[in-house]
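The values are calculated or read from the model by the stated rules, or taken from the named source; none is laboratory data. For clarity, every value in this text was computed on a predicted model and none was experimentally measured. Cβ atoms come from the backbone with ideal geometry, glycine included; neighbour counts cover every protein chain shown.
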């Protein structure tokens, strides 16, 4: 039986990896994947808490988050494709038309 | 054996404003497929009708205290007040869009449908009584706005704005969600009232504090406080001007609605902690917003930084706390919405040589070419400075007064000094319009009946709020009482 605190530790680690990924990587797709990782870290925390508290709320919330994440993927990929059509290159360093 | 399905009784009346708007959104999508296919102007009218209907529903339900889905959705005076602000903002944005979007290329049914869907998210955000609803409504609002920001598909700036908004917005949402998970873990509930009543709220559970911090990061992105403001200038500049107006007013009002409810209801046990945090956030936000605005030559960008500064002022009211502080924030949001929509509206109706006119220099001598439009923009900018007798003055007066009464004299002093700095960059635009010689081919007014009407309504609002603020201030005070029980 794995103690619940391990799950929370794993969740915190995944979340941190996601944050670092968004900050360090320059490809929007990889940044987007890192954001998904952060969402899933939150899901893991919710399930672990729900298990500890013996309440189904946490698990139910995870379903909502999954649905939202799916919608986010649809919108996000559409935006990335639109940009790619105009530029033929994919890096956030190219998004420099506007600054200061 | 007869298997009977028991349908739970769901009171949909608490969702009525949102249902009207989402229904109008569906109708727009449906009508988009029917003839006439060439022009989409009639869809704007349908969207406008839906928003006006929602506005009427909202006004008619004033004073009710409706709850649905086990207190997940609340329709109290607080939510109704924000519903009015949001529907009003969305309706003006639709009116401004009718000619603007078609002229700039890419008018289609989806545009109006997306405006309505994001408005639905905003309405739900104001009514959220549960962190799950906060998250879902925030995402509904944001996802629609990400697409709207990139609506001019052939323009690089529009795509860039959309991408930046999307990546940073989604990043912020995951912080918010992690905060919700922490609060759930600490208190065992996602309901705002039950979070407030849980023992963790009194013991100062570390999970609870982490949850508060992560929530503030998530909301900080949405309302664009410094240091989470980086997206705002770029998105405001790159997005279609009508969408910028919606992002600057409706989405900000809705995020504030949820933030105030979460802080004042669910996290009231941590009030000393979040007051201290918001104190410094308010100072940094208004100072940096104003200083950065000084250096801008692009009007949309200048207004973006100015809106960051205005968020700083509103945080002052939250720090002041109590009924007078929260009421002052609500009144400020109302005045800010009237004024900002108007300012962006003027920009949406000005063109130079077939392109949008956004540089300050393009407005040189506008008073000579079009005195009415110049006077309109001047009034909106004067209201943003806070010159009596316009809405901005009264709103600032209430806000800073509440801060002084709450014992935050220094904060009020910093805020007043900031307002003085802000006067410089607003007045610069006035100087260009009134005292510079007109350039050849400067910005000119593009006739638009709906847009002109929207400007007139916003102008009446700005003047009315400034001349007789008392009834509106009473409404704002009445709206916060359900929170402070």
All-but-one check, residue A:85 against (1) at pLDDT below 90; (2) at the interface with chain B (Cβ under 7 Å from one of its Cβ atoms); (3) part of a helix (DSSP H, G or I), failing number (2)
Qualifying residue in region A:56-69 (condition: in contact (Cβ under 8 Å) with a residue 40 or more places away in the chain, within 30 Å of residue B:239 (Cβ to Cβ) and more than 10 Å from chain B (Cβ to nearest Cβ)):
no
Just the residues that are out of contact with any strand residue (DSSP E or B) (no Cβ under 9 Å at 6 or more places or on another chain), buried (at least 20 other Cβ atoms within 10 Å of the Cβ), touching a residue at least 40 places away in the same chain (Cβ under 8 Å) and more than 27 Å from residue B:229 (Cα to Cα), please, taken from region B:167-200.
B:184, B:195
Taking region B:291-325 and the residues there that are in contact with a strand residue (DSSP E or B) (Cβ under 8 Å, 6 or more places away or on another chain) and not in a helix (DSSP H, G or I), the one that is nearest to the other protein chains (Cβ to nearest Cβ) would be B:298
Which condition from (1) in contact (Cβ under 8 Å) with a residue 24 or more places away in the chain; (2) within 24 Å of residue B:140 (Cα to Cα); (3) more than 9 Å from every other protein chain (Cβ to nearest Cβ) is the one that residue A:51 breaks?
(2)
Looking only at helices (runs of 4 or more DSSP H) that fall completely inside region B:62-166, which ones have 3 or more residues that are at pLDDT 90 or above, within 14 Å of another protein chain (Cβ to nearest Cβ) and in contact with a helix residue (DSSP H, G or I) (Cβ under 7 Å, 6 or more places away or on another chain)?
B:109-127, B:131-149
Helices (runs of 4 or more DSSP H) fully within region B:397-485 counting 2 or more residues that are farther than 19 Å from residue B:341 by Cβ:
B:409-435, B:470-480
Sort through A:34, A:5 and tell me the only one that's part of a helix (DSSP H, G or I), more than 8 Å from chain B (Cβ to nearest Cβ) and either surrounded by 18 or more Cβ atoms within 10 Å (Cβ to Cβ) or touching a strand residue (DSSP E or B) at 6+ places or on another chain (Cβ under 6 Å) (or both).
A:34
Please state which one of B:357, B:266, B:348 is under 21 Å from the mean Cα position of the chain (by Cα), on the phi < 0 side of the Ramachandran plot and away from chain A (no Cβ under 14 Å).
B:348
